[in-house]
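Read the structure below first, then the notes.
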Amino acid sequence: MISCTDFMAEIANYLDGEVAADVRSQLENHLSHCKTCQVVLDSTRKTLKIVTDSGSFDLPEAAFKPIAERIMARIRSARR
Amino acid sequence: MGYFREEELGSSFPPFVAFLDEFGFVPHVFRAQTILPRLIEAEAALLSTIVLKEQALPRIQKEYISLTLAQANRNTYCVTAHHQMLRLLGVPEQQLDRIFGDYAQAGLSPADTDLLSFTLKLGTIGPFVSRDDVTGALAHGWTDESMLEAILTTALTNFLCTLSTGVGAAPEFTPRQIPAIGPSPFFAKPSSEGSSGPYLRAIERNPADFPPFAFFVDEFGFVPNIFRAQTLRPDILEAEASAISTVLLTGDVLTRLQKEYILLAVSAANLNTYSVAVHGEMLRTLGVAAEDSDQIAADHHQARLAEADQALLDFALKLAVQPSMFSRSDIEALRSHGFIEEQILEAVAMTSLTNFLNTLQMGLGATPDFAPRRVFRPDPAKIAHLSAPAHRPSLAERPVDPDAEIVARVRNGDLDVFEELINRHSRRVYRTLVGILGNEDEARDAMQDTFLKVFQHLGDFQQRSKFSTWLVSIAGNTGLQRLRERRHLESLDDDVSASEEGFRPREVRAWADDPEELCSKAEIRALVEKTVMKLPAKYRVVVVLRDLEQLSIEDTAEALGLGIPALKARHLRGRLMVREALSPHFTGGAQGVTV
């Protein structure tokens, strides 16, 4: 029998579809009678989607322009 | 130029005279080692006996072995050099292009093609070589003498690939671009269990009247089986004895112990049971407890070693198994631990010699002289770090690098197109730096440092990994350096496995069916950014690269210099921490987000 701790350890692999068939069936067996792990699995899946969709730490193209210009100026002056 | 200062050895330094005579030039891989001429002498003797002297295998055949293996190792320096050698030997350009495209379709005889398949397998995934591979080649009519030379040439090629990376050798001819699609070298045959070696015929020799053996008895008290398996070529044994004496036993630059540590740690990374057993025993005779040797082989970070020696082993392991990530900054890192140039060069030579001995042993099937305390099995999953795209790419699977053309143009002096590289990768570099530094202003600042470093070191980029991966690794190093400078307690190097155990979720209330409906996009973004910023750096960077930047597992591991299991562990922990922090905002009953 696998425990909740075992389940937590495999949760990312499970979500990424990277567990072998026998491990998978053991995990699903655990899941079928463990409410806590059901919640954690569901919320982890939703977390991933939220993080990926959030567009965090992205800057508009224009924000990079002055940085690129500064770098190119440094490079050109070093070569002269 | 190379990583080490070059000294004038005079026009009569014998190895250089021999190179000029043989090739018309002195290869840079040797010129780059003039601060320790004894190394050049030992290496020249190996090259001369193994490759230049024609006995069983023709010289061209040996160059084909070296060219295809250097190509599989994605070592531009060695590819360019062997290409030139084959030209000098009169192989037409057209035939060279065919070998370079796909040696199996190059019109070679079936026996020649099979020999190259064998040497590629030995050179890239050696632990998978079994007696069947060797007997298969013997059945094609290759003699024991030719097979011994083929194995030695393979080992020497790996030696020179590691060495040229470690000394920063620059191609002396127009660099040959390594095509993205290349040979698929392997017999897809599983190793048969229990087929221990030695695989080739050897002649029993008595140390009393066989000088190479007398050397081993004098130095080690016995003749290791790896050398007993090569008695068909006493001249090569002499050259190997002299290389071991010069590189391993000379203790005035690095100590003998430091060099044995390198041998042990690199052999373990190469899954070489033989060398780990033999050198574990040698360390015991030098006064190191077996438990300590075992720990160095298992994970040197946990071993009782001085901080400088830990850094020395980090250096050697990166050079041996992650050559595509190796650069001048690794040399500088050792320098900052107090190592002098001569010592760093010796570490390079010792690492290269270890790759030579490991490859040689796996081809010969020599059995350990002492009962191994640990047997390394070539489990395909566990060996992934040896054969993964990062280090030993399976060329067929590697897509063309979309940046290769621009990189080549910048290297040829067209500075202006560098701006295109900045434009393409700004976002990724910025996110990497935010991930490490946890501060947007500082990330912007560090971006400039990163691209300037990339520009300065573009000559060191060997195209064995994708440009974008290499760039992210430089961004990573730049970010880490800044973290250290502000004496931040955060580190990406902490042992993660301990904290991994026992992570228990605290938030176990069910989430809303459609949590993203609960608040606006801007609110969610602000919440995610705040949450990610609060993670410890080692988790933050993995979450940013994998989940935001959506880099592949392999590319992230390569860029951060982590193994895949360690990366996955951090990623899991990071994701669960984010889940924990987001949970109060998205459970069914919660209304809106407070940032």
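The values are calculated or read from the model by the stated rules, or taken from the named source; none is laboratory data. Everything quoted here is computed from the prediction, not taken from an experiment. Note that we place each Cβ from the backbone using ideal geometry, even for glycine, and neighbour counts take in every protein chain shown. All accessible areas refer to the heavy atoms of the entire protein, side chains included, with ligands and DNA or RNA removed. Shrake-Rupley method; radii C 1.70, N 1.55, O 1.52, S 1.80 Å.
On a 29 Å Cα-Cα criterion, which of the cross-link pairs A:Lys46/B:Lys530; B:Lys53/B:Lys121; A:Lys46/B:Lys466; B:Lys453/B:Lys538; B:Lys62/B:Lys453 come out too long?
A:Lys46/B:Lys466; B:Lys62/B:Lys453, as the Cα separations exceed 29 Å there.
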*Any number yet on Rg/Rh for the protein assembly as shown, C-alpha, Kirkwood?*
0.99
*Among B:Val508, B:Tyr77, B:Val26 the positive-end extreme of the charge dipole of the protein assembly as shown (Cβ point charges)*: B:Val508
*Accessible area lost on pairing A with B, both sides, 1.4 Å probe, Å² to nearest 100?*
4400
_Could you check the spin-label model distance between B:Thr174 and B:His140? Points 7 Å from the Cα along Cα→Cβ, value in nm._
3.2
*Would you work out what percent of the accessible area of chain B, with all protein chains in place, is carbon or sulfur (probe 1.4 Å)?*
51
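Calculate, in nm to one decimal, what B:Arg87 and B:Glu8 gain on full extension: separation in residues at 0.36 nm each, minus their alpha carbon distance. Mind dumping the intermediate values first?
Working: separation 79, 0.36 × 79 = 28.44 nm, distance 2.93 nm.
Taking 0.36 nm per residue and subtracting the Cα distance, the gain is 25.5 nm.
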_region A:29-80, Cα convex hull volume normalised per residue, Å³_ = 110
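With every protein chain left in place, what is the accessible area per residue of region B:38-150 in square angstrom, probe 1.4 Å?
Values: 3460 Å² over 113 residues.
So region B:38-150 comes to 31 Å² accessible per residue, rounded to a whole number.
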*asked:* Modelling each spin label as a point 7 Å along the Cα-to-Cβ direction, I'd like the A:Asp42/B:Arg377 distance in nm, to one decimal.
replied: 4.1
_Over region B:1-151: Kirkwood hydrodynamic radius from C-alpha pairwise inverse distances, Å_ = 16.8
*Taking the Cα centre of each part, how many Å lie between region B:308-379 and region B:99-171?*
21
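Can you sort B:Cys78, A:Cys4 by 1.4 Å-probe accessible area, starting with the largest? All intermediate terms of the calculation are to be shown ahead of the outcome.
Details: B:Cys78 5, A:Cys4 50 Å².
Listed by decreasing accessible area, they come as A:Cys4, B:Cys78.
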*With unit charges on the beta carbon (Lys/Arg positive, Asp/Glu negative), name the residue among B:Leu319, B:Ser552, B:Tyr274 whose Cα is farthest towards the positive pole of the charge dipole of chain B.*
B:Ser552
_Dipole magnitude of region B:1-135, debye to nearest 20 (Cβ charges: Lys/Arg +1, Asp/Glu -1, about Cα centre)_ = 180
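What does the charge dipole of the protein assembly as shown about its Cα centre add up to, to the nearest 20 debye, if the Cβ of each Lys and Arg holds +1 and the Cβ of each Asp and Glu holds -1?
Values: 70 positive and 90 negative charges, 276 e Å.
So the dipole magnitude of the protein assembly as shown works out to roughly 1320 debye.
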*Could you sort B:213-220, B:91-98, B:256-263 so that the peptide with the highest average Cβ count within 10 Å comes first and the rest follow in order?*
B:256-263, B:213-220, B:91-98
*Accessible area of chain A divided out per residue, in Å², using a probe of 1.4 angstrom*: 53
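What fraction, in whole percent, of alpha-carbon pairs in region B:277-346 exceed 15 Å separation? Write down the numbers at each step before the final one.
Working: 1421 of 2415 pairs.
The proportion of pairs with Cα distances above 15 Å equals 59 percent.
Over region B:105-168, what relative contact order in percent results from Cα pairs under 8 Å that are six or more residues apart? Mind showing how you got there, number by number?
Numbers: 27 pairs, mean separation 22.3, N = 64.
Contact order relative to length: 35 percent.
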*What is the distance in Å between the Cα centres of region A:24-63 and region B:1-19?*
59
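Under the definition of partner shielding as Cβ atoms of other protein chains within 10 Å of a residue Cβ, what is the mean value for peptide B:451-459? Let's see the in-between values first.
On the way: counts 7, 5, 0, 1, 6, 2, 0, 0, 0.
Across the residues of B:451-459, the mean count of other-chain Cβ atoms within 10 Å is 2.
Ordered by packing density, taken as the mean number of other Cβ atoms within 10 Å over each peptide's residues, highest first, how do B:315-327, B:512-524 rank? Write down the numbers at each step before the final one.
Values: B:315-327: 22.8, B:512-524: 14.5.
Listed from highest to lowest mean packing, they are B:315-327, B:512-524.
Estimate the FRET efficiency between B:Gln105 and B:Met1 by the formula 1/(1 + (r/R0)^6), using the beta-carbon distance for r and 41 Å for R0, to the nearest 0.05. If you can, show how the numbers build up before the last one.
Details: r = 38 Å, r/R0 = 0.93.
Working from the Cβ atoms, E equals 0.60.
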*Under a point spin-label approximation (7 Å from Cα along Cα-to-Cβ), what is the B:Ala56-B:Asp369 distance to one decimal in nm?*
2.3
*Dipole of chain A, positive end: most advanced residue of A:Gln38, A:Ile50, A:Pro60 [Cβ charges, Cα centre]*: A:Pro60
*At a Förster distance of 41 Å, what's the computed FRET efficiency of B:Asp460 paired with A:Ser3, Cβ-Cβ distance as r, to 0.05?*
0.25
*asked:* Counting C-alpha atoms alone, how compact is region B:505-590: give Rg to one decimal and Dmax as a whole number, in angstrom.
replied: 14.1, 43
*Cα centroid distance between region B:66-96 and region B:231-264, in Å?*
28
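When the Kirkwood hydrodynamic radius is evaluated over all pairs of different C-alpha atoms of chain B, what value in angstrom, to one decimal, is obtained? Don't skip to the answer; put the middle values down first.
Working: mean 1/r = 0.0390 Å⁻¹.
The answer is 25.7 Å.
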_Ordering of B:200-209, B:348-357, B:264-273 by burial proxy (mean other Cβ atoms within 10 Å per residue, highest first)_ = B:348-357, B:264-273, B:200-209
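How well do other chains shield peptide A:62-70, expressed as the mean number of their Cβ atoms within 10 Å of each residue Cβ?
Numbers: counts 0, 4, 9, 3, 1, 9, 10, 2, 4.
Averaged over the peptide's residues, the number is 5.
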_Dipole moment magnitude, nearest 20 debye, region B:524-582 about Cα centre, only Lys, Arg, Asp, Glu C-beta charged_ = 340
*Given 0.36 nm per residue, what is the gain on full extension from B:Glu516 to B:Arg131 after removing their alpha carbon distance, in nm?*
132.7 nm
